[in-house]
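Working notes, structure below.
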Amino acid sequence: MTWNPAPCNDRFDPVPGEKTMKAVVTAGNGGFEKLHCREVKRPRPGAGEVLLRVLAAGMNNTEINTRVGWYSDSVTRATSDTATSEVREAEVRIDGGWNETTPFPFIQGTDCCGRVAEIGPGGDPELLGKRVLVRSCIRPEGFESMENLWMGSDFDGAFAQYVKVPQTEVFVLECDWSDAELATIPCAYGTAENMIQRSGITSGERVLITGASGGVGSAALQLVKWRRAEVIAVAASSKKQQMLEIGADRVIGRDQDLLGNLEEKSVDVVIDLVAGPPFQQLLKLLKRGGRYVSAGAIGGPIVSFDTRTFYLKDLQLIGCTAWDEPVFPTLVSCIEQNRIRPLLAQTFLLEDIAEAQKAFLRKQFVGNFVLIPPKEG
C-alpha cells in the first residue's frame, strides 16, 4: 500500500460553492482553548480513498496526549498531570508526535464508526452506504514494515462530520451494535488485541492487566478472558465490581502494594498501560521467561529499570504501537460473533469536546467516551 496523507495548508478554509462540514480543529499544543469547533471544507476522496459520514467518534488518551505534547521526550510526567497543567507550545520540543512532528492545525479523532458517503476514483461501488469501522493504525509500507500512520494523529481524523480514509482501512460490519458502541472499538480494542497477539497469550496462563478500567485495559480484560486465561485486574477499588462483571478473576486496587498481594514469579504476562512507580514490581511478578507488554504509560513514562531482573529471569519486553495484520479482522469477527461487548461510558455532542475531555481526565468511569457529530440539515 502506498498512501500519502500530507495535509494541504488551505484545506480548512471554505471556498464559496464548495461543500463544508463542522469539525473540531486542534490548533496546536496547549489547553482546551486549542480546540476550535468550526465550519471547514468537506474533504474529497481521491483514488483509493472513501469519504465517510461520521456517525460516532470514540475519544481516547491519545487525543489529549497529542494536544498537550505528552509524546515529546521533554515531558516526563504522568498523562493526567501533564493534561491538567498549563501547557505552552514553547515548552514542547518539535518531537511532539510519535512519528514526526504533529501536523497542527489538524482534526483529531482516532476512532470512527461511519457510513460510506462517497467513493474515490476506481473504488468499489459496493461499499457505498455501508456502515463501517476504520482501522485507525495504517501500515503504509505494508505489514512487513513497522512504519505506521495513525488517523487523528498523523492525518485528519473523525472529530468532524466527514473523514476521508484509504479504502483498504474500512471494514463492513454486520451486527446490531449502535453507532456509539461501535465507536468504542478501534483504538482501545485494536491496541489491546495487538498486545495480546504479540505476547502470545494462551489458555491457562495468568495475566495481570494494569489500568484495567480504562478503554484499552477493559478491552484487554475481555479479549484475554476469551482466550480462557486467568486475569488479575489492577484498577481503582471503587471499580472492583465492574471489573469482576466483565470477567476479572481477581481485582487489586491500584493503590495497593502488588508484591504484598501477589507472590514474586507468579504471573506469565503483564499487560501494562500505566508504567510509573510500579514498573519494578511488575517485572518481579513475572515468572522466568515471562512477557511484559506495553502500549501506554499514563502513570509516567520514566521508570527505574534494574537490568538484572530483566536478563537473569530471561524476560521478554514487548512494545506495541503498529497493529499487525490479523488484529482488526479478529476484532470484527469477535463483534459479529458476540465474543466481546462494548463498554460505552457516556456520549457527548461533538461541540462539547472540551467538557468531554475534562470528564475523561477525572477517570471516574469504565470503558470509553464517544462524541456524536451534528447531522446535516
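Derivation of every value follows stated rules applied to the coordinates shown; laboratory data play no part. Because the structure is a prediction, the values reported are computed rather than measured. As a convention, Cβ positions derive from the backbone with ideal geometry for all residues, glycine included, and neighbour counts pool all protein chains shown.
The slack in the chain from residue 238 to residue 20, taken as 0.36 nm per residue of separation less the alpha-carbon distance, amounts to 74.0 nm. For the pair residue 245 and residue 313 in one chain, pulling the backbone fully straight at 0.36 nm per residue adds 21.1 nm over the alpha carbon distance. How much mean residue ellipticity at 222 nm does the chain get from its helices, if each DSSP H run of length 4 or more adds -39500 (n - 2.57) and you divide by all residues, to the nearest 500 deg cm²/dmol? After summing the helix terms and dividing by residue count, I get -6000 deg cm²/dmol. The value of relative contact order for the stretch 118-159, using C-alpha pairs under 8 Å at least six residues apart, is 22 percent. Proximity of backbone amide H atoms, modeled 1.01 Å from N, is registered between residue 290 and 316 at under 5 Å, excluding neighbours fewer than 5 places apart on the same chain. For the stretch 230-316, the set of GluC sites (Glu not before Pro) satisfying both a DSSP loop assignment and a count of at most 15 other C-beta atoms within 10 Å is given as 263, 264.
Sort 335, 302 so the one with the fewest other Cβ atoms within 10 Å of its own Cβ comes first.
So the residues, fewest neighbours to most, are 302, 335.
Is any residue of the stretch 109-138 close enough, with backbone N under 15 Å, to a label point placed 7 angstrom from the Cα of residue 178 along the Cα-Cβ axis, and if so, which? Under cut-off, by backbone N: 113. Measuring between alpha carbons in the structure, the pairs from 240/287; 164/225; 130/363; 239/265; 225/363 lying more than 32 angstrom apart are 164/225; 130/363. Remark: spin-label model distance residue 337-residue 33 equals 5.2 nm, labels positioned 7 Å along the Cα→Cβ axis. Using 1/(1 + (r/R0)^6) with R0 = 35 angstrom and r between the beta carbons of residue 228 and residue 354, what's the FRET efficiency to the nearest 0.05? FRET efficiency, residue 228 to residue 354: 0.25.
Short-range pairs are left out: with C-alpha atoms under 8 Å and at least six residues apart, the relative contact order of the chain is 18 percent. Each of 137, 334, 112 was scored by other Cβ atoms within 10 Å of its Cβ. Listed from fewest to most, they are 334, 137, 112. Each principal axis of the Cα atoms in the stretch 189-319 has its own extent, and those three values, largest first, are 38, 29, 25 angstrom. By the beta-carbon count within 10 Å of each Cβ, the least crowded to most crowded order of 113, 37, fewest first, is 37, 113. Globularity index of the chain is 0.97 (Cα radius of gyration / 2.2 N^0.38 Å, N = number of residues).
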